[in-house]
Protein chains: 2
Amino acid sequence: MAQSDYKTDSIFISKIFNTALSEGKCYEVLRHLTQDVGSRLSGSAGAAKAVEYTRDVMTGEKFDNVFLQNVMVPHWVRGAKEQGYIVSGKQKINVPIAALGGSVSTPKEGIKAKVIEVKNFQELRDLGVEKVKGKIVFFNRPMDPTRLNTFVAYAGAVDQRGAGPTEAAKMGAIACIVRAMTTRLDDVAHTGSMRYASGAPMIPAASISTNASELLSKMLKEKPETEFYFKQNCETLPDAKSHNVIGELKGSKSETQYIVAGGHLDSWDFAQGAHDDGSGCVQSIEAVRLLKVLGYKPNNTLRAVMYMNEENGLKGGIAYADSAKSKKEKHLAAIESDRGGFIPLGFGVVGTPAQKAKIVSWSDLFAPYGLHEIGPGGGGADIGPLGQQGTVLLGLIPDSQRYFDYHHADNDTFDKINKRELELGAASMAAMMYLLDKYGVE
Amino acid sequence: MAQSDYKTDSIFISKIFNTALSEGKCYEVLRHLTQDVGSRLSGSAGAAKAVEYTRDVMTGEKFDNVFLQNVMVPHWVRGAKEQGYIVSGKQKINVPIAALGGSVSTPKEGIKAKVIEVKNFQELRDLGVEKVKGKIVFFNRPMDPTRLNTFVAYAGAVDQRGAGPTEAAKMGAIACIVRAMTTRLDDVAHTGSMRYASGAPMIPAASISTNASELLSKMLKEKPETEFYFKQNCETLPDAKSHNVIGELKGSKSETQYIVAGGHLDSWDFAQGAHDDGSGCVQSIEAVRLLKVLGYKPNNTLRAVMYMNEENGLKGGIAYADSAKSKKEKHLAAIESDRGGFIPLGFGVVGTPAQKAKIVSWSDLFAPYGLHEIGPGGGGADIGPLGQQGTVLLGLIPDSQRYFDYHHADNDTFDKINKRELELGAASMAAMMYLLDKYGVE
């Protein structure tokens, strides 16, 4: 960039941040989305309300065009609240428990069996079928607390939740319980998706809190015949009709080239989904709104996209990319915010080396706002499918320390959001959209 | 640094962070300090308990030497909880209110008068004595939300609280109320210190919540004869005996050269003081403990210092520096953590250009832990007096976005602390102590 551009850009970006912090709207939109609309698992009434609400917000802001995109989504329901307890002799100790998304129910009377604790799949296989058969497998490998980036710690533990039930079933287990995916020791149940491998028996699977996991582990060491009981009532209904929600500002030079910012609109069924990912949705709307109220005339069409079904299917992200391809919409870049509404620290960029270098060259424009980490890294699940069309993928990177305290849990509530942190994330996305739009990605 | 030192240092610093995150103790110490000891304003029973407790913690950790340092402190007490309401005709609207630290009480029956709202001292003076006389002056200039660093926004507004009562009294006001020092709009009363200039009348002064301030301002615009009533029961007792609490690891090369890490042990009387400044205290103990458990043999004597009376007098910091001077203890460097237990982003350094350059040259060792902001900036109030002895002053800089949501208020509670963020701050301080000790400051 020439010196004059730097000056122009730094002034405009300063206006973006000032406006976000002094006249921001995303905090109040998030309040409504989390406290009034509430939970919004794909296929639920809450998800349908969230579609209407976010459409209305963007219509109210007079975006050039606001529309829905049809998506067929999985429709899993939890049913009556789960029960779970540890059984040791005549003692029953209730524990916080949540069925994993996609799991089958237990028999109506629940399921009770001895427990075999393992830390990983190899340990499970080494035990052999004889020792596992007829038991409940208990995956209890904690997230590594020494990983600075908690997403890395999560990635190193979440195989237990996603594939654990099938691995356990292959060894003859009749059910599976998994330690909650958080570094905190507390009494919060965290759900999340799992998938049965085709051909393997579909056994019921649930997650229990970290404190309960520590207790069960201790009791098993003292008394290996300790049993576990749980009852859950979940089921998978036929796929349901739902929507991505899209709002756009038309490009002045090209209406068929796009830069999009998005988050996912669905949440787990018992969660307000404030950080996951109400934040990303309202920040995306706010990013586009900020550019609009500041009078920016984009070269390309800018979109805010609320993807449906990130949590248990990714059907929204796939449908969005399929539509882009079939309509020959060239997506230059897609930004996702799906790591919580915490203080923004940078962006992860997926693209060619030249594209990455170009974006990294804007670092000085972000540094005054604390965004020091602009470089290689993940984009986001929803925008992943666009990557096959040559779209540059960018993920907003907020501080990750608090994210897994609330992830997929009923404590992911609006009061955990700091207004300024949320607004700074929205402003960061607006600034990135502006630079991508002005300078392109080649 | 030679390449080999960099490698040695980066490995040792990695051990510091790993240990803090996997075997850290500061979170549980803070739980006890905030939830069991509780509030600890200078001169109170809570402050005395906090002195004993933190001494016991360091003794329990087998620091080489743990001792108390006598400090005489101001002893202000709030008395019975304040009452305050807006009076408009027959309507009375109760508002969240807190006497400012150091304020006199109202008359027993309270004080009621018309209100004159101003944004700054110039506006007050321009009104003239005639318009102010006999009224309650209402300082209502908000903290500037567009300042990225909320401490800068605070510094730009806090003159209203510190000097406002005297400025109002000079113009004939009979009392003073001040908008709470926070960017949030909420119903939380925030206290904080004020001082009467000698010679000026000592009028009662209190702070009301931001929502109440917005409401009162609106009502005054509609109906200038709107009145305000409040009653407070505070008083200043004779100075009390208290203590700084000090724990140390003896230096192997010099026992009379010191590097210290500290926070202030006192809090406001109705606050747990989790972020302000229980965090800084437990991080300082933890920083020294981490170096001890990792087997580090310091060149200089390392100390954790809990300063008493930062909130309303700074007597602990002054006594500490006076003692250092009289005992000819050469303090190479002092680190303070008094900006909350949030995610650490860097250190502010006060020293000679050469000293600053030396510390900045260690930046690459901190960058992997997200500490990107190592450079000029404040140290901390308690260590300020050491600056006159040529001590390099360093302030831990955590993210500032959430700090003033809780500052000097009853919502500054333990549940607002994230364990990992707190631990990362402690590890950052330990790493800085290690480098300062190993390489010195010249």
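The values are calculated or read from the model by the stated rules, or taken from the named source; none is laboratory data. Since this is a predicted model, take the numbers as computed values, not measurements. Note that each Cβ is placed from the backbone with ideal geometry, even for glycine, and that neighbours are counted across all protein chains shown.
For segment B:48-73, a residue qualifies if it is in a helix (DSSP H, G or I) and of a type in the set (A, V, I, L, M, F, W, C), and the qualifying residues are B:48, B:50, B:51, B:57, B:58.
All conditions in (1) within 21 Å of the chain's Cα centre (by Cα); (2) touching a residue at least 40 places away in the same chain (Cβ under 8 Å); (3) within 14 Å of chain A (Cβ to nearest Cβ) hold for residue B:374, with the sole exception of (2). The combined condition, being away from chain B (no Cβ under 14 Å), of a type in the set (A, V, I, L, M) and closer than 27 Å to residue A:153 by Cα, is fulfilled by residue A:386.
Scoring residue B:410 on the criteria (1) within 14 Å of another protein chain (Cβ to nearest Cβ); (2) surrounded by fewer than 19 Cβ atoms within 10 Å (Cβ to Cβ); (3) within 16 Å of the chain's Cα centre (by Cα) leaves a single failure, condition (1). Applying a threshold of 8 Å to beta carbon distances and a minimum spacing of six or more residues, or different chains, the list of pairs starting in segment A:245-269 at a residue that is more than 30 Å from residue A:412 (Cα to Cα) and ending at one that is aliphatic (A, V, I, L, M) reads A:249/A:288; A:249/A:291; A:249/A:302; A:251/A:302; A:257/A:332; A:258/A:302; A:258/A:324; A:258/A:332.
In segment A:357-371, the qualifying residues are those that are of a type outside the set (Ser, Thr, Tyr) and buried (at least 17 other Cβ atoms within 10 Å of the Cβ), and the one that is nearest to the other protein chains (Cβ to nearest Cβ) is A:370.
Of the strands (runs of 3 or more DSSP E) lying entirely inside segment A:81-157, those containing at least 1 residues that are buried (at least 21 other Cβ atoms within 10 Å of the Cβ) are A:83-88, A:97-99, A:111-118, A:136-139.
Matching residues to (1) more than 22 Å from residue B:239 (Cα to Cα); (2) without any contact (Cβ under 8 Å) to a residue 40 or more places away in the chain; (3) basic (Lys, Arg):
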site	(1), (2), (3)
B:74	no, no, no
B:84	yes, no, no
B:100	no, no, no
B:103	no, no, no
B:109	yes, no, no
B:119	yes, yes, yes
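The listed residues are B:208, B:259, B:203, and the only one of them that is modelled with pLDDT of 95 or more and in the same structural domain as residue B:423 (by TED's automatic domain parsing) turns out to be B:259. Here residue B:10 meets the list (1) closer than 30 Å to residue B:442 by Cα; (2) crowded, with 20+ Cβ neighbours inside 10 Å; (3) within 14 Å of chain A (Cβ to nearest Cβ) almost entirely, failing just condition (2). Checking each residue in segment B:218-253 for being farther than 26 Å from residue B:307 by Cα, not in a loop (DSSP other than H, G, I, E, B) and not basic (Lys, Arg) picks out B:219, B:220, B:222, B:227, B:228, B:229, B:230.
Could you tell me whether residue B:41 is surrounded by 22 or more Cβ atoms within 10 Å (Cβ to Cβ), closer than 30 Å to residue B:320 by Cα and in contact (Cβ under 8 Å) with a residue 40 or more places away in the chain? Judged against the criteria, residue B:41 is a match.
Residue A:418 satisfies every condition listed in (1) polar (S, T, N, Q); (2) surrounded by fewer than 24 Cβ atoms within 10 Å (Cβ to Cβ); (3) under 26 Å from residue A:36 (Cα atoms); (4) in contact with a strand residue (DSSP E or B) (Cβ under 8 Å, 6 or more places away or on another chain) except (4). The residues of segment A:385-395 that are crowded, with 19+ Cβ neighbours inside 10 Å and out of contact with any helix residue (DSSP H, G or I) (no Cβ under 6 Å at 6 or more places or on another chain), listed by number, are A:391, A:394, A:395.
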